[in-house]
Amino acid sequence: MEYDLQLPAKQVRSVPVALGEGKEGVLFVYSREGGVDPGEEFYHHPVDTLKFAVFDGEGNRLWVKDLGPGVIPGVWFCPVLPLDLDQDGVDEIYFLNNISPDTPFSFLYRKLEALDPRSGETMGRWDWPQNTFQERLSLCYRFYLVAGYDHGEPVLITSQGTYGDMYLQGYGPGMVKKWETVIRKSDPGPRASHLTPVLDFNDDGVDELFWGERLLSVADGSEVLCCDKYSYRGHSDIIIPFLNFETEERFIFTCREGDEREGVPRVVTFREDGTRAWTALEHGHMHFAWLATVGEDGEYRRVIMAMDLIRYPGETGLVEGEPVEYYFDAYTGEQMEMKFPCYGSWLFPIDINGDGYSEFFCCEGELAGWLLDRHGEKIKKLEGMQVKNGRILKQFACEQMMLTDEKGIVRVYGDAEAEPGELFRKRHDYKGYHAFQQRLMASGYNHYRSNISCGI
């Protein structure tokens, strides 16, 4: 499948959209601008505006919309979410708009907007909360759109803040406000993550939002579980729920940034009751991680890679040094050795052929574009920048990759003949987790590498 964005996009996000009558299309959020971050040491003036385009299931473009100069083209300034909140069989496209083209940092003109996916026409606009307005830039403009289900009824969640004060609001059908939750910087417990997995983790019929190491009920915003509530106050860069398929135990993995007090672990896996299963390392900015399945034939071993980001101020800007990487047995925390022909943090895991073992796609360095097997051997060279991965085209049984080339042609790659094995089916059948996460991949860093698609 191919989609032509008709410009050399350096930022591409993609989510499925329900078009009604059982038809599904795809929304692209894209720009020539690679992405603008609100962090004071990372912000730069954008070189292009953000665009939306919806394609039908055959790859035909239905419409395109330029959001204009008022919307800063970055994931934190403009989260996007498809959701059928009114339950009519057609998704609304919710996004954070700024209707003032001359004031990109405005709060007065910042609006939550809903579009009809069939035409791109505006269906509604609502004021966006101004609760972070007094914060510094990096804390002020970090916004999320998420969703979940309360006994089958959809809930739209808007949120503001990641590192300091954090605000979340839940809305039901008709945009009726159901709840509001405020977590102050002075409150105990971890801060948010850059990822927002959603899953009914405790089997009560209500989804939980993984707000970092804190699980919130989408029904009323209440705290269901908070890991390390009184021993960690930092930010959780990565959060991944996963299972032990032999014992059916559930786990939550995180790697951390901030709160570097002595004795505070940087890599932690929790049991489903929030107690620690294992910890590792007491130093570092653990910036990126993934969960993969490796081993010899017939032996499945789940492994976690965690990367310590080395970053320091250079003469005119921040400089990144060579990453320091660690590998752990996902269930025990035992440190492992993995031999890849490049940095593990340049890879992301994906199960292309459905055999339960991970293949790895390389995004950087001399091997960029190569798909490798679990032993690091080359399988095939592909062209393009990663957009997302997972089960993208439902007519194919196993995981796929979406890549965009330098001309703005987006392609989906996979194994058309692949058949899912037992482990693959267990991962992808579990409570619809993987299918739903595909809808969250235009908000935050959910789409990046294999951030939430490597879980369960």
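The values are calculated or read from the model by the stated rules, or taken from the named source; none is laboratory data. This one's a predicted model, so the numbers in the text were calculated from it and none came from an experiment. We place every Cβ from the backbone using ideal geometry, glycine too, and count neighbours over all the protein chains shown. Surface accessibility is based on the protein's heavy atoms, side chains included, excluding ligands, DNA and RNA. Shrake-Rupley method; radii C 1.70, N 1.55, O 1.52, S 1.80 Å.
Miscellaneous remarks
- Residue count for region 416-436, restricted to those that are open to solvent by less than 40 Å² (accessible area, probe 1.4 Å) and of a type in the set (A, V, I, L, M): 2
- Residues that are part of a loop (DSSP other than H, G, I, E, B), touching a residue at least 24 places away in the same chain (Cβ under 8 Å) and surrounded by 15 or more Cβ atoms within 10 Å (Cβ to Cβ), drawn from region 378-412: LEU382, GLY384, ARG391, ILE392, LEU393, ALA397, CYS398, GLU399, GLY408
- Residue check: GLY164 meets all listed conditions (1) assigned to a loop (DSSP other than H, G, I, E, B); (2) at pLDDT 95 or above; (3) open to solvent by less than 30 Å² (accessible area, probe 1.4 Å); (4) farther than 30 Å from GLU21 by Cβ but one, namely (2).
- Cβ-Cβ distances below 6 Å connect the following pairs, each with a first residue in region 437-456 that is touching a residue at least 60 places away in the same chain (Cβ under 8 Å), a second residue that is open to solvent by 10 Å² or more (accessible area, probe 1.4 Å) and part of a helix (DSSP H, G or I), and a separation of six or more residues or different chains: ILE456/ARG427.
- GLN395 vs. criteria closer than 27 Å to VAL198 by Cα and either at pLDDT below 95 or among the charged types (D, E, K, R) (or both): yes
- When residues of region 102-145 are limited to those that are among the β-branched types (Val, Ile, Thr) and part of a loop (DSSP other than H, G, I, E, B), the one surrounded by the fewest Cβ atoms within 10 Å (Cβ to Cβ): THR103
- Residue identified as of a type in the set (A, V, I, L, M, F, W, C), assigned to a strand (DSSP E or B), at pLDDT 95 or above and over 21 Å from TYR3 (Cβ atoms) among LEU81, LEU96: LEU96
- Of the residues making up region 245-263, those that are over 17 Å from ALA192 (Cβ atoms) and modelled with pLDDT of 95 or more are GLU249, ARG250, PHE251.
- Within region 22-33, considering residues that are modelled with pLDDT of 95 or more and more than 16 Å from ASP66 (Cα to Cα), the one most open to solvent (accessible area, probe 1.4 Å): LYS23
- Residue, farthest from PHE201 (Cα to Cα), within region 258-281, restricted to residues that are in contact with a Ser or Thr (Cβ under 6 Å, 6 or more places away or on another chain) and of a type in the set (A, V, I, L, M, F, W, C): TRP278
- Every pair of residues 6+ apart whose Cβ atoms lie under 8 Å, when the first sits in region 173-195 and is at positive phi while the second is part of a strand (DSSP E or B): MET175/GLY124; MET175/TRP126; MET175/LEU156; GLY189/ILE183; GLY189/ARG214; GLY189/CYS226
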